[in-house]
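The structure appears right after this line, and notes come after that.
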Amino acid sequence: MTQHRALLVWAIVLAVSAGFFLLCLAMGEQWINPLHASGQDAMILWELRLPRLLTAFAVGGLLALAGAWFQVLLGNPLAEPYVLGVAGSASAGAVAALMWLPDTTWVMSAGAFVGAWLGIVCVMFFARSGPDKMLLAGVVLAAFWSAMLGLLLALLPEQTLFRAFSWMMGDVSGSDIPVPLLLAIWGGALLCGCLLSRSLDILLLGERHAEALGIDVQRLRQQLLFLASTVTALAVTAAGTIGFVGLVVPHFMRLLLGSLHHRVLPAAAMGGGILLMLADTIARTMIAPAELPVGILTAIIGVPVFLFLLLRRRS
Amino acid sequence: MMLLMKLRHVSVQRGRKTLFSGVNFTVTAGHITVILGGNGAGKSSLLLAMAGLIPAIGDIELMGRPLRHYSPRERTRLIAWQGELPPTAFGLTVEQRLHLVSNCPQTIHHVACEMAISHLLLHALDQLSSGELQRVELAALMLRDAPVWLLDEPTSHLDFKHQIRLIHTLKHYATRGKAIVVILHDLQQARALADFLILIDRQGETRYGACEELFNRQMLCQTFDAPLVEQAVALLPDYGICPKTGET
């Protein structure tokens with residue numbers, strides 16, 4: 001791929017992001033022009049829609065980055081952030097917190113964060129045994145967390161059941177992590193990713209070849225697992241489980257930009273952000289004043305796109 | 001004759017099994033050492049141990065310093081290892097793969113011509129045939145500026161034309177001062193290339209010596225635990241050397 005084409009793609013990505021950002025800001029139960037808003041409109045725009053939009057952007061970007069990292073870590077371009085069961089353990093943690101802790105605004109987020117880390121620690125035991133065993137361990141652990149979640153939901157009092165379900169479907173409006181912090185995490189994660197990008201490229205050749213080129217593979221794998229898991233845990237804590245963004249976006253960016261990570265990672269961080277921003281805007285306007293859980297929408301968009309990509313890959 | 005590597009009493013284990021023990025040999029600049037042995041004898045493991053990629057018992061010295069005292073980066077500058085690339089599904093292109101080893105477009109172009117892969121530079125690695133992929137990996141090795149080259153069955157998957165070209169290329173690089181250690185299965189190729197031989201037999205016994213000394217029927221029959229005939233077969237690729245009667 002030429003430098004010229006990369007620049008062109010970047011210009012398009014930035015222009016599209018800016019356009020979509022303004023569009024998403026304007027859309028809602030009522031249309032507000034972001035360039036000429038005053039009074040109550042300005043309040044709705046800057047205090048309700050903007051933080052929500054930025055949360056969606058950061059969470060989407062984080063999920064796409066984590067997806068790209070997990071794909072390299074597991075040597076499988078079809079892996080996603082939740083593949084090792086982190087979503088399941090986070091959900092189980094959130095529901096457990098809802099059940100046993102006093103009901104405050106941040107209780108589910110705190111439970112999710114602890115749950116996500118519990119899941120990560122379980123998987124980390126398998127980090128040294130290579131991608132295949134780690135993937136297998138992750139899949140089995142995911143099944144275990146899903147069973148635990150089922151058990152907890154069965155025991156949950158009826159009045160809190162709805163809250164648990166809406167959290168599990170993904171919701172960017174109820175984030176307890178402040179928006180500037182989330183954006184800073186997004187930037188930090190992207191920076192870490194870019195610093196590691198050459199090592200990630202070399203890791204695509206397989207562990208032995210990477211080692212023969214001077215990469216400390218064990219250390220790189222641990223760094224990558226830690227980074228990807230932390231980012232997933234934060235994304236889950238902020239917005240619950242939102243599927244497909246982490247799977248589809250990095251894959252799509254690889255098709256568009258090739259497989260070198262200094263191109264794929266920034267594009268995924270932006271693309272994931274835009275996708276979730278759009279999905280959330282559609283989710284809150286489609287049946288306004290009611291809202292659809294955004295996780296359902298990403299699945300509706302993500303599944304056909306993914307299946308299309310899969311067909312294309314095979315041909 | 002510059003001494004680059006020295007192995008003393010080296011043994012390698014796979015699980016609980018000792019593959020071979022007490023290997024002693026030296027690797028010198030400008031010479032080609034060929035490793036011969038049956039399947040599972042430990043040829044690849046010996047090469048990996050020399051590259052510092054698997055642990056070994058005994059002393060492996062690289063330029064007078066124990067190999068384990070080198071950092072992975074330092075080691076990479078001195079030793080280039082080539083082995084079969086595992087399948088990768090990320091769409092990495094040949095050009096991108098070569099750029100992971102060298103940043104110099106001219107050198108990449110030159111080596112790509114040498115390995116006849118110039119027309120494949122924009123192809124994804126997972127779209128190549130095994131032979132093409134092997135040539136890409138050999139090109140990646142040749143891009144390395146390391147004084148020691150370790151090659152694990154470099155002629156496998158290659159057609160006759162490219163086998164012959166590779167034999168000549170390796171000879172050429174050896175005359176320019178590279179120390180080359182190579183695993184082969186073909187005795188003709190081994191005879192054409194080797195200055196020194198390492199024979200590993202089924203019992204894990206190893207022999208090291210000059211090619212003229214070890215390349216005889218008795219030694220090779222013992223190494224491979226198989227009968228060998230002395231008659232030359234009519235049609236054989238010409239690796240640029242005429243086998244002398246009584247040596248095969």
Practice prompt. Identify the residues of region B:148-180 with backbone N under 18 Å of a label point that sits 7 angstrom from the Cα of B:His119 along the Cα-to-Cβ direction, or state none.
Written response: B:158-163, B:165
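Under the Kirkwood approximation applied to all pairs of distinct alpha-carbon atoms, what is the hydrodynamic radius of region A:3-314 in Å? Each step should come with its number before you reach the end.
Numbers: mean 1/r = 0.0503 Å⁻¹.
About 19.9 Å, per the Kirkwood formula over Cα pairs.
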Worksheet, complete the sentence: So, over other residues within a Cβ distance under 13 Å of A:Leu256, counting Lys, Arg +1 and Asp, Glu -1, the net charge is +4
Worksheet item: What is the average number of partner chain Cβ atoms found within 10 Å of a Cβ in A:199-206?
Response: 5
Response to the item:
For region B:1-50, averaging the sequence separation of alpha carbon pairs under 8 Å that lie six or more residues apart and dividing by its residue count, the contact order in percent is 35
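Within 10 Å of each Cβ in peptide B:99-106, how many partner chain Cβ atoms are there on average? Round it to a whole number, please.
Numbers: counts 2, 9, 3, 0, 0, 0, 0, 0.
Going residue by residue through B:99-106 and averaging, the value is 2.
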Worksheet item: What is the dipole size for region B:92-166, taken about its Cα centre, with +1 at each Lys and Arg Cβ and -1 at each Asp and Glu Cβ, in debye to the nearest 20?
Response: 160
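Using the 2.2 N^0.38 Å rule of thumb for compact globular proteins, work out how chain B stacks up: its C-alpha Rg over that value, please. Don't jump to the answer; show the numbers that get you there.
On the way: Rg = 18.1 Å, N = 248, 2.2 N^0.38 = 17.9 Å.
Computed over Cα atoms of chain B, the ratio equals 1.01.
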Fill in: Fewest-first sequence of B:Trp149, B:Trp81, A:Trp69, A:Trp31 by Cβ atoms within 10 Å of each Cβ
A:Trp31, B:Trp149, B:Trp81, A:Trp69
Worksheet item: Given the options A:Glu207, A:Glu291, A:Glu47, which has the most mean-square fluctuation in a GNM of chain A, springs set between C-alpha atoms less than 10 angstrom apart?
Response: A:Glu47
Worksheet item: In a shell of Cβ-Cβ distance under 13 Å around A:Leu23, excluding A:Leu23 itself, what net charge do Lys and Arg (+1) and Asp and Glu (-1) give?
Response: 0
Discussion item. Quick check on chain A: helices-only [θ] at 222 nm, where DSSP H runs of length 4 and up contribute -39,500 (n - 2.57) each and the sum goes over total residues. Nearest 500, please.
Written reply: -25000 deg cm²/dmol
Response to the item:
Quick calc: nm separation of the 7 Å Cα→Cβ label points for A:Trp31 and A:Val9 -> 3.4
Worksheet item: Can you pull the mean other chain C-beta count within 10 Å for peptide A:144-150?
Response: 0
Discussion item. At a threshold of 8 angstrom on Cα-Cα distance, excluding pairs fewer than six apart, so keeping six or more, what relative contact order does chain B reach in percent?
Written reply: 26
Worksheet entry | FRET efficiency, 1/(1 + (r/R0)^6) with R0 56 Å, evaluated for B:Gln127 and B:Leu3 via beta carbons | 0.85
Worksheet item: Whose amide H sits under 5 Å from the amide H of B:Lys178, counting only residues 5 or more places off or on another chain, with H placed in the peptide plane?
Response: B:Gly30
Response to the item:
Checking A:Met134, A:Met277, A:Met108 against a Gaussian network model of chain A (alpha-carbon springs below 10 Å), the top fluctuating residue turns out to be A:Met134
Fill in: Value at 222 nm in deg cm²/dmol, rounded to 500, when DSSP H runs of n ≥ 4 in chain B each add -39,500 (n - 2.57)
-9000 deg cm²/dmol
Discussion item. Springs between alpha-carbon pairs under 10 angstrom, Gaussian network model over chain A: which of A:Leu50, A:Leu205, A:Leu276 fluctuates most?
Written reply: A:Leu205
Worksheet entry | chain A, relative contact order [Cα under 8 Å, separation at least 6], % | 31
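Please arrange A:Met286, B:Met50 by counting, for each residue, the other beta carbons lying within 10 Å of its beta carbon, fewest first.
Details: A:Met286 11, B:Met50 26.
Fewest to most other Cβ atoms nearby, the residues stand as A:Met286, B:Met50.
Which ordering of B:Tyr239, B:Tyr173 is given by a fewest-first count of other beta-carbon atoms within 10 Å? Intermediate values should be presented prior to the final figure.
Values: B:Tyr239 21, B:Tyr173 17.
Exposure proxy ranking, most exposed first: B:Tyr173, B:Tyr239.
Assigning unit charges at the beta carbon (Lys, Arg +1; Asp, Glu -1) and nothing else, what dipole magnitude in debye, to the nearest 20, does region A:3-314 show about its Cα centre?
On the way: 16 positive and 15 negative charges, 203 e Å.
Here the size comes out at about 980 debye.
Using mean Cβ contacts within 10 Å as the protection proxy, how do A:244-257, A:227-240, B:100-113 order, highest first? Present the calculation step by step, with values, prior to reporting the outcome.
Numbers: A:244-257: 24.9, A:227-240: 26.9, B:100-113: 15.3.
Result, highest mean first: A:227-240, A:244-257, B:100-113.
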Practice prompt. Give a residue-ordered list of calculated ³J(HN,Hα) values for region B:189-206 (Karplus: 6.51 cos²θ - 1.76 cosθ + 1.60, θ = phi - 60°; whole Hz; x for Gly, Pro).
Written response: 5, 4, 5, 6, 9, 6, 8, 10, 10, 10, 10, 10, 9, 5, 8, x, 7, 10
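A short reminder: the numbers here are calculations on the coordinates, not readings from a lab. It should be emphasised that the depicted structure is a prediction, and the values quoted were computed from it without experimental measurement. We place every Cβ from the backbone using ideal geometry, glycine too, and count neighbours over all the protein chains shown.
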